[in-house]
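The structure appears right after this line, and notes come after that.
The values are calculated or read from the model by the stated rules, or taken from the named source; none is laboratory data. Just so we're clear, the structure is a prediction, and the values are computed from it rather than from any experiment. For neighbour counting, all protein chains shown are included, and Cβ atoms are generated from backbone atoms with ideal geometry for every residue, glycine included.
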Amino acid sequence: MQTAEKQTRTYLYDLMNEAKEHGFKADDQWNLSLVTDAERSSIQRDYFPAVASKVSPELMLQVFQSIKSGLQQPLNTEEMQLDSQAILKRGLKFIVAFNPKRTRF
């Protein structure tokens, strides 16, 4: 089992590589979300690149907050109110990042 720190580093590394590979500009930013499997599929269908990672429910909140911090993005009000119970109740299983400016269409 991976630690939260290792998952965070790996995810941030993947984001950096995708941004470099797809020519992100300085003002291009990742939109980071906790999503269900269906939401992940929809995002990956509509946006490219989209980087998704399945994270265990016990580590999800910690990994998500660490990634947001690594991207220098503050948590919004809804994200600050999340806890492990809410993650389980809503069926959130993936962390996904995409750039809303880069649609597949």
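Miscellaneous remarks
- Meets criteria (touching a residue at least 40 places away in the same chain (Cβ under 8 Å), assigned to a strand (DSSP E or B) and either small (G, A, S) or touching a Gly at 6+ places or on another chain (Cβ under 7 Å) (or both)) for S66: no
- Candidates T8, T3 - the one that is among the β-branched types (V, I, T), at pLDDT below 95 and either under 30 Å from F105 (Cα atoms) or touching a helix residue (DSSP H, G or I) at 6+ places or on another chain (Cβ under 9 Å) (or both): T3
- Matching residues, region 52-70, being surrounded by 14 or more Cβ atoms within 10 Å (Cβ to Cβ) and either more than 10 Å from F94 (Cβ to Cβ) or not aliphatic (A, V, I, L, M) (or both): S53, L59, L61, Q62, V63, F64, Q65, S66, I67, K68, G70
- Among residues of region 79-105 that are in contact (Cβ under 8 Å) with a residue 60 or more places away in the chain and crowded, with 18+ Cβ neighbours inside 10 Å, those with a beta-carbon under 9 Å from a residue that is part of a strand (DSSP E or B) and β-branched (V, I, T) at least six positions away or on a different chain give the pairs F94/V35; I95/V35; I95/V51; V96/V35; V96/V51; A97/V51; F98/V51.
- Restricting attention to region 37-63, the residues that are outside any helix (DSSP H, G or I) and under 19 Å from E18 (Cα atoms) add up to 8.
- Residues satisfying the stated conditions in region 19-33, i.e. within 9 Å of A97 (Cα to Cα) and either among the aliphatic types (A, V, I, L, M) or assigned to a helix (DSSP H, G or I) (or both): L32
- Residues of region 62-90 satisfying the condition of being touching a Pro at 6+ places or on another chain (Cβ under 8 Å), farther than 25 Å from A26 by Cα and not hydrophobic (A, V, I, L, M, F, W, C): S84
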